[in-house]
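**Q** Here you go, one structure.
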């Protein structure tokens, strides 16, 4: 990026303009509070929804833990222990306060603490998502910008890639990559996860195939949006005027056009992250990674509701946090919205 | 695409439209055909499938494609083709269920929110905000954890979950329609809400709905197959479970990935193609019908056209202080597969410090000419031939670095729309400072200080504070002053202003013209593109009149107004409000500037000229008329210049 030219006393463009300081930061703060409030509401709603859905199950957790051969006394005792004899609202409140304190209940399958495993597996999923964002971000934005500037054949190439990319299921792509790079070429491990502490190299090589798979399947969306918004910006008057003032093409593109094109791209990044989180479910299953995604699948198959609930809330929380970050970035980029 | 029965065109027109759709979008037609074939084969699967879905042939397990098993076999020797056909029934019925729910919930909700507005709209927006933050897969997993393997329920949930997205699109389409004039008219004519919806609103939402449905259907196929792959769906052969089978036997028979993957990818791809085509078709109809037929058109300026070459329009002063010398400049734009000339062999000089106007109607090539001087013709246009000399440098064919040093350096550009020509994301000061530092070696602090000085020079109040403001905080007049500050940042010798006052209020116009006159007095030459004689007379000594890509007359502004030597100039002057005579209707010029591809070989104004004679059908060159008194430089492209010289504008002869 080129150097920012601004008034010496002001450190950077993104700091609030003089007028905002004069008028106070009221509107900005209330906007962020509103967004945060919406986020909290969203998480609560999802948790409530999963809770109510789970309570509708014929046969509760006590039944699935004990199996069909338990005596009525054993069943009643466990129900009391799990709080299942309480009214639904009380149960939800207990679960919610527990979750806020890190107690997400007990897995009905393993009997272990859901909260503890959530932390361990959450880390694996987070790493996978970061890998995928890097792959998708570099390829998507790069391809989008280049094809917007070059138009013509490369533009059509991005069209074709995004069309086909949207049609290729991530798990299928993962299997093909695994077949080629792991089974046939034997370059990378096909499945499994090595903790970073054991061997950073194996940790990294193990994350390549899942990360690339997930990144590639979300990349086309980003590439197409980047190309569309960059080509839209390139048509605008100010770009012509900037060139007429003798500015170099690099400065026009990187400093001005990309910044103006960023808002719609950010919106797509938000959608992309939702897609990535969903994608972990498939990618972790294909590559047998011990993350949240593969966990929720086995839990679903095993009818392990506390786990499904916890992961659902975690994923929603992830999406909501990313959207908050995007709102904040949008504000930072857009002086008009800051008022 | 469907149209309401009340539409004026009948079934024949509809058929023709369909045929046109197929011809213009062959890929989409292929996709529709393919989808229909897959669906038909799936429906007929019990008849078509050579084996049952679970028929085993243990001897032929994991066989590659053979005569017995066209697509090979999987574990236990089960026939892949049969399993694909029969599995399609599960997959596609799941998709169909969710699409039906999607449409049945989304469309009514969207129409209601868009047409009725108020609280319902509010509820829809809030629901959308929540739903968009929830990964669909997670909700489906929750549903499936509660009701194991109940795929129907999962697909219903998926349709419900996605329907707010459709509702939002339908809502905005409905609102567009609701606010359209003809719907307003129908309302005031007393049509009932229901009738208005059926007649006017529903046709408007069909297009967007088709696009959304095809997008959602592909998402539904992806999710259904994903559930199958994860083993969470129906415990039978489906497209998804076939991939799972391939996954389990990756080392044994990688071929298994191919048929299952192909069927899913091709199906989703077809849906995507249909969605894209529907969106394009819809956009085309919204913007006024089918795309133009592609006709290769190629018109090039022919130097050997057999006429006397144009005499270049010379600068007012003596030859030694010529700043800009344009010779035989021809500019062409890409057009329907060919190229079309929009500026045709223009030659003129501009002296240092001189203010020259460029007048003509829209579409005459003024802006193309002005931008070409900077080497920045917009919209894919290019200089075909000719020369632009600035001082001692040739600009046509110069490399980009040289051109950049001229742009903003030795010539400044002032644009028509001051607000949209500033980058909305940067402060005024940083945009001016950026130009300053591009053309100098000043430090950041010095560049900023100079930018503030420039803002003061263009008479902006409190330049130091204003430098920290953003473009949207400025009025149009202030924005234009900022634009001028950028243009003069490097003390250019030439300012090119493209209708700099058109977008401004009259009072502000005068201030901007004062500022430009001041800059000219400081020694900057000005090329002013305008169609306003008032503006022209304010600022310019001399003007060039352009019509249909050619210079048709050039003279001192006073002479042009008092005694036009070309009927186009006469008509332009007569049609100008700022010079109109009180109490008389304002004359207009009959007809319009023909598009470049239709310019005639003879006099291009002849078709609109009240004085045209047969001789006007041959090409006319730009010449200095003999009757011109010595010392007054003027040129005209008319074979009958005498009929205007000295006679003044013939208002009565310009058809109103």
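Every number in this text was worked out from the coordinates using simple rules, so none of it is lab data. All of these numbers come straight from a predicted model, not from anything done at the bench. As a convention, Cβ positions derive from the backbone with ideal geometry for all residues, glycine included, and neighbour counts pool all protein chains shown.
**Q** Sort all Cα-Cα distances of region A:38-179 into consecutive 10 angstrom bins from zero, then give the percent of pairs in each bin up to the one containing the longest distance.
**A** Histogram of Cα-Cα distances, whole percents per bin: 9, 23, 22, 19, 15, 8, 3, 0.
**Q** Rg/Rh for region B:38-106: what does it come to with C-alpha atoms and Rh from Kirkwood?
**A** Here Rg/Rh amounts to 1.15.
**Q** Restricting things to alpha carbons, tell me how big region A:82-139 is in terms of Rg and Dmax, in Å.
**A** Every Cα atom of region A:82-139 included, Rg and Dmax give 16.6, 54 Å.
**Q** Among B:138, B:512, A:208, what is the fewest-to-most ranking by other Cβ atoms within 10 Å?
**A** Placing the least packed residue first, the sequence is A:208, B:512, B:138.
**Q** For chain A, what is the convex hull volume of the alpha-carbon atoms per residue, in Å³?
**A** Cα-based convex hull of chain A, divided per residue, equals 190 Å³.
**Q** For a quick protection proxy, order the peptides B:171-178, B:470-477, B:589-596 by their average other-Cβ count within 10 Å, most packed first.
**A** Listed from highest to lowest mean packing, they are B:171-178, B:470-477, B:589-596.
**Q** What are the principal axis extents of the Cα atoms in chain B, in Å, biggest first?
**A** Cα spread of chain B along its principal axes, largest to smallest: 107, 66, 60 Å.
**Q** Per residue of A:230-242, what is the mean number of Cβ atoms on other protein chains within 10 angstrom of that residue's Cβ?
**A** Taking all residues of A:230-242 together, the mean is 5.
**Q** In percent, what relative contact order does region A:156-210 have, based on Cα pairs under 8 Å that are 6 or more apart in sequence?
**A** Result for region A:156-210 is 26 percent.
**Q** Percent relative contact order of region A:264-338, based on C-alpha pairs within less than 8 angstrom and at least six residues apart?
**A** The value is 29 percent.
**Q** Looking at the calculated P(r) for region A:216-339, what percent of the C-alpha pair distances fall above 22 Å?
**A** Summing the P(r) tail past 22 Å for region A:216-339 gives 52 percent.
**Q** Can you pull the mean other chain C-beta count within 10 Å for peptide B:124-137?
**A** The mean count of partner-chain Cβ atoms within 10 Å per residue comes to 6.
**Q** Can you compute the equivalent ellipsoid semi-axes for region B:141-216, i.e. the square root of 5 times each eigenvalue of the Cα gyration tensor, sorted largest first and rounded to whole Å?
**A** Listed largest to smallest, the semi-axes of region B:141-216 are 37, 12, 9 Å.
**Q** Quote the relative contact order of chain B in percent (integer), defining contacts as alpha-carbon pairs under 8 Å separated by 6+ residues.
**A** Value for chain B: 10 percent.
**Q** Please figure out what share of the DSSP beta bridges in the protein assembly as shown is antiparallel and state it in percent, rounded to the nearest 5.
**A** 60
**Q** Separate question: What do you get for the angle between helix A:200-234 and the principal long axis of chain A? Use alpha-carbon atoms, 0 to 90 degrees, nearest ten.
**A** 50
**Q** Another question, then. Could you work out Rg/(2.2 N^0.38 Å) for the protein assembly as shown, with Rg from alpha carbons only?
**A** 1.16
**Q** For region B:344-412, taking Cα atoms only, what is the radius of gyration to one decimal and the Dmax to the nearest whole Å?
**A** 12.3, 34
**Q** Jot down the radius of gyration and Dmax of region B:209-278, Cα atoms only, both in angstrom.
**A** Here Rg and the maximum Cα pair distance are 13.5, 45 Å.
**Q** Using the C-alpha gyration tensor of region B:471-603, what are the square roots of 5 times its eigenvalues, in whole angstrom, with the largest one first?
**A** Each semi-axis is √(5λ); the values are 29, 18, 16 Å.
**Q** Counting partner chain Cβ atoms within 10 Å of every residue's Cβ in B:226-233, what's the average?
**A** Average neighbour count from other chains, rounded to a whole number: 5.
**Q** Also, I was wondering about something else. Averaging over every viewing direction, what projected area does the convex hull of the Cα atoms of region B:497-547 cover, in nm²?
**A** 3.5
**Q** To the nearest 10 degrees, how steep is helix B:239-248 against the longest Cα principal axis of chain B, on a 0 to 90 scale?
**A** The two axes meet at around 80 degrees.
**Q** Further question on the same structure: Order these by the 10 Å Cβ neighbour count, fewest first: B:448, B:70.
**A** Sorted ascending by nearby Cβ count, the order is B:70, B:448.
**Q** When a footprinting reagent is the concern and you count Cβ atoms within 10 Å, what order do B:92, B:141 take, fewest first?
**A** Lowest to highest Cβ neighbour count: B:92, B:141.
**Q** Another question, if that's okay. Any idea what angle helix B:428-438 forms with the longest principal axis of chain B, computed on alpha-carbon atoms, 0 to 90 degrees, nearest 10?
**A** Helix B:428-438 sits roughly 70 degrees off the main axis of chain B.
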